[in-house]
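Peer 1: Supplied in structure tokens, the structure appears directly below.
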Amino acid sequence: MTDNIETGIIWSAYPLEQSVISQIENRFSDLLGKRIKFDVRIKPEIIGGIIVTIGDKEYDGSIYGQLNRMKSHLLGLKKGDIANMGVSIRTEDHITEMQSIGEFIHNRIQEYEQEADIEDIGYVVRSGDGVVTVDGLSNCRYGELLRFEGNAFGIAFNLERDAVGVVLLNNQQSVTEGTMVYSTGRVVQVPVGEGLLGRVVNPLGQPLDGKGSIHAAHYREIEEKAPGIYDRDAVNEPLQTGLLAIDSMIPIGRGQRQLIIGDRQTGKTAIALDTIINQRDKDVICVYVAIGQKASTISQVINVLKNTGAMDYTIVVSATASDSAPMQYIAPYAGCAMAEYFMYGGKDVLILYDDLSKHAIAYRTLSLLLRRPPGREAYPGDIFYLHSRLLERAAKLKKEKGGGSLTALPIVETQAGDISGYIPTNIISITDGQLFLEDELFFAGIRPAVNVGLSVSRVGKAAQTKAMAKVSGTLRLELAQYRELEVFSQFSAELDRSTQELLAQGERITEILKQEQYNPMDMAHQVVLLYVATRKMLLDVPLNRIQEFKRQFIEYIDRYHVEIIDSIKKSGDITQDDMSRIDDAVKDFKKMFMQ
């Protein structure tokens, strides 16, 4: 045994005799291999027994600690199991009996043998802005959930030689210098399961909608390893957004990661909501994660989902702008954990992160408060890893792994249309394509304001039905030619007939692709409209009546030629017979429409 002396604290419900203190000192000195001297402090609430604190370790041998451990154990037992244990659980008048038990154990503390609960502990040495520095916790791990006195919780973010940097998740005001911190040995977990559908929760899975508690099937850690390459299947099944411009030219597949990018107020969230609304009756679970948005904006989103019936299959995870930076930081990971439960259960899931630029700002705030070295634009060096480990969790699983899928639609806000910014380029390099929304198109009334030239899907036609691939084959080329000729035509007084026809065709296709907000379109109707537009059947329809033609023609087809729609839906293809029927339907409809 070495000669160095370490001091500790004995918490006892009653004063201890010196002989008892000496016995405890000798026992711990033998156990730890060094001399231990204890300071005794009285703590009546532990009922009986003792709690010993040495450095950053706590040995809980109190009756209060035993009761807590017994309570935790009993919560996981069935009623029959409790009876088999011979445990008698009675009313609160047994506190006196508990105290007498404590006194009995105190009087015979020399013979008191039990397995103490050993915890890593620490003390707050600096606190401010939701970030604290903790001394102790020598066995703490990165990302571990820590418990503070006063029912506050935090996440270990910085592991330094002599301290741990912790970000607080709740009750920030209750944590001050000197507050004791306990290790939990686990990371943050959130409730998952069917009970969350139709609910609005915070990033910890606590309800925000006033509908009562959440009945969770299980709990999942918010940080999970992404599926490996051998667990993944090819992305070849379409996830329809209901938006003609996207489904025809920039298709999204189940299991894909497709970025929605653009300036503020260009319709990014509207595309996300249209996609959720379009999943009705398609057996797709949706998770909408709002990060750093105004509470009023999130309320509007929830109302839209309720009014369209989409809330029945949707979970909303809300971390508003008024929430702390740690809550905004964990929000997308918590939403992803909720979505993964369904994916690994064999279901198709759609998750939307609105938006990751605000998520990056929250992470930058935490990093700077923790005094991490700032890099480009003051973001920490691991900002790329922040989003890559989140978005890599989106996947299409093989049938042997359940066959479920998780499709991610992250949203990123740009400044003045600059897609070469730090965060946008990071996320573009992680995702499988992007939808670029342009403010000029938006203000010109072309909505959704998708810039076809800058938008791309790296999955492509593999995520389209045969019918859609057939009718949209030349669409992107025709639009590109139209945009080029449109600029050229402004400088030319006279245009030849073929150029005039190309311009007229481009104008009508652009008009057909316009769509009202929160009004997604079925795939079969999209195919019929695109067939009519790309076969130049609208050249004799006045441009200002295209929207009217579009609406009335769909109603006409549904009423008099529903067999065309049924055939396309059933086969996923458009046959020569279907095309002939559409040709005849257009001729008949025009006779009435053009009068």
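The values are calculated or read from the model by the stated rules, or taken from the named source; none is laboratory data. Bear in mind the structure is a predicted one, so any value in this text is a computation, not a measurement. We place every Cβ from the backbone using ideal geometry, glycine too, and count neighbours over all the protein chains shown.
Peer 1: Output the number of residues of segment 573-595 satisfying the condition of being farther than 14 Å from VAL528 by Cβ and surrounded by 15 or more Cβ atoms within 10 Å (Cβ to Cβ).
Peer 2: Qualifying residue count, segment 573-595: 2.
Peer 1: Out of segment 334-356, which residues are among the hydroxyl-bearing types (Ser, Thr, Tyr) and crowded, with 22+ Cβ neighbours inside 10 Å?
Peer 2: Within segment 334-356, TYR341, TYR353 meet the criteria.
Peer 1: Let me ask something else. Would segment 572-586 turn up any residue that is closer than 21 Å to LEU513 by Cβ and in contact with an Asp or Glu (Cβ under 6 Å, 6 or more places away or on another chain)?
Peer 2: The answer is no; no qualifying residue exists.
Peer 1: List, please: which pairs have Cβ atoms under 6 Å, are six or more places apart or on different chains, and start with a residue in segment 2-30 that is over 13 Å from VAL52 (Cα atoms) and end with one that is at pLDDT below 80?
Peer 2: As it stands, the answer is TYR14/HIS106; VAL20/ILE109, since those pairs meet every condition given.
Peer 1: For segment 305-332, which residues satisfy the criterion of being hydroxyl-bearing (Ser, Thr, Tyr) and in contact with a Gly (Cβ under 6 Å, 6 or more places away or on another chain)?
Peer 2: SER324 - this is the single residue of segment 305-332 that is hydroxyl-bearing (Ser, Thr, Tyr) and in contact with a Gly (Cβ under 6 Å, 6 or more places away or on another chain).
Peer 1: Still on this model: Taking interchain pairs and intrachain pairs at least six residues apart, which have beta carbon atoms under 6 angstrom, with the first residue in segment 295-315 and over 14 Å from ILE277 (Cβ atoms) and the second of a type outside the set (Val, Ile, Thr) and in a helix (DSSP H, G or I)?
Peer 2: Cβ pairs passing all conditions: ILE315/LEU196; ILE315/MET338.
Peer 1: Under 9 Å between Cβ atoms, at least 6 apart or on separate chains: pull out the pairs that start in segment 219-247 with a residue that is in the same structural domain as ARG447 (by TED's automatic domain parsing) and end on any residue that is in a strand (DSSP E or B) and acidic (Asp, Glu).
Peer 2: Hits for this filter: GLU237/ASP348; LEU239/ASP348.
Peer 1: Something else about it: Considering only segment 305-326, state which residues are of a type in the set (A, V, I, L, M, F, W, C) and either surrounded by fewer than 19 Cβ atoms within 10 Å (Cβ to Cβ) or under 12 Å from the mean Cα position of the chain (by Cα) (or both).
Peer 2: ILE315, VAL316, VAL317, ALA319, ALA321, listed by residue number.
Peer 1: What are the residue pairs meeting all of these: first residue in segment 582-595, first residue touching a residue at least 24 places away in the same chain (Cβ under 8 Å), second residue among the acidic types (Asp, Glu) and assigned to a helix (DSSP H, G or I), Cβ atoms under 9 Å, and 6 or more apart or on different chains?
Peer 2: If the second residue must be among the acidic types (Asp, Glu) and assigned to a helix (DSSP H, G or I), the pairs left are PHE593/GLU548.
Peer 1: Restricting to strands (runs of 3 or more DSSP E) lying wholly in segment 146-248: which have 2 or more residues that are farther than 30 Å from ILE54 by Cα and not hydroxyl-bearing (Ser, Thr, Tyr)?
Peer 2: Counting at least 2 such residues, we get 189-192, 218-221.
Peer 1: What are the residues in segment 557-572 that are surrounded by 13 or more Cβ atoms within 10 Å (Cβ to Cβ) and not hydrophobic (A, V, I, L, M, F, W, C), if any?
Peer 2: Of segment 557-572, the ones surrounded by 13 or more Cβ atoms within 10 Å (Cβ to Cβ) are 557-558, 561, 564-565, 567-569, 571-572.
Scanning segment 557-572 gives ASP558, HIS561, SER567, LYS569, SER571, GLY572.
Peer 1: Would you pick out the residues in segment 452-479 that are crowded, with 17+ Cβ neighbours inside 10 Å and in a loop (DSSP other than H, G, I, E, B)?
Peer 2: VAL452, SER455, VAL459, GLN464, THR465, SER472
Peer 1: With respect to LEU243, determine if the residue is touching a Pro at 6+ places or on another chain (Cβ under 6 Å) and within 18 Å of ASN519 (Cβ to Cβ).
Peer 2: yes
Peer 1: Taking the residues in segment 480-528 that are over 30 Å from ASN303 (Cα atoms) and hydroxyl-bearing (Ser, Thr, Tyr) as candidates, determine which candidate is surrounded by the fewest Cβ atoms within 10 Å (Cβ to Cβ).
Peer 2: SER498
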